[in-house]
Amino acid sequence: MTFRRSFSTLAGSAGLVLAFALAACGYGDPDTTYPNRRVGGQPVYEDPNTRSTIFGPGGLFGSGGEQDAPGQAGVGVNVFLWRAALDTISFMPLASADPFGGVIITDWYSAPEAPQERFKLTVYILSRELRADGLRVAVFRQQQDAVAGWRDTPVDPAMGVQLEDTILTRARQMRMAAAGG
């Protein structure tokens, strides 16, 4: 009897919380306008009937703009940066690639000429626009020690910047080719 009573109390409480949560999801007064964003510290008001949603332009299924190449809806980041990054690091095995989050992680790679050293990359595509600050590459390096196995070693920060530059150059080439120029 105690279990049944506590279960019904728990179910009733959960139902009440769910009802309040759903009530909070309403649109509110349709005549009220709220600032959608700020530009230069000033609020910008947009027509609520034309703002983008997850299903409209710039939403979940692509933006329809420069960042989506023809037939490539659904990629959450700049498609040229995404393809250029994959093209540039294609010699390394991929551990994971998330086109919606814009993260590419490689597995460890040892060059045949240096088997005692290996590298791993994490590429972050931070923007839906083709911009230099929309890309970051983190480089990790390990060297093999006969006693301790693989140990982390410092990486020259210029290596990540060089990879970023290579990816950006390739992305620009891809955009020019897609534009027909």
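The numbers here are math on the coordinates, done by the rules we state, and not lab data. Since this is a predicted model, take the numbers as computed values, not measurements. Here Cβ is always computed from backbone atoms with ideal geometry, including for glycine, and neighbour counts include all displayed protein chains.
Quick look at the numbers
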| item | result |
| --- | --- |
| Pair list, Cβ under 7 Å, 6 or more apart: the stretch 99-113 residue free of Cβ contacts under 8 Å to residues at least 40 places away in the same chain, other residue loosely packed, with under 12 Cβ neighbours inside 10 Å | Ile105/Ser96; Thr106/Pro93; Asp107/Pro93; Tyr109/Pro93 |
| Selection count where residues are in contact (Cβ under 8 Å) with a residue 24 or more places away in the chain, closer than 17 Å to Ala114 by Cα and of a type in the set (Lys, Arg), scope the stretch 134-163 | 1 |
| Subset of the stretch 164-181 [farther than 14 Å from Ile89 by Cα and outside any loop (DSSP other than H, G, I, E, B)] | Arg172, Gln173, Met174, Arg175, Met176, Ala177, Ala178, Ala179 |
| Matching entry among Asp152, Asp165 (being exposed (fewer than 13 other Cβ atoms within 10 Å of the Cβ), on the phi < 0 side of the Ramachandran plot and among the charged types (D, E, K, R)) | Asp152 |
| Matching entry among Val161, Val155 (being out of contact with any Leu (no Cβ under 6 Å at 6 or more places or on another chain), aliphatic (A, V, I, L, M) and either assigned to a loop (DSSP other than H, G, I, E, B) or closer than 16 Å to Phe91 by Cα (or both)) | Val155 |
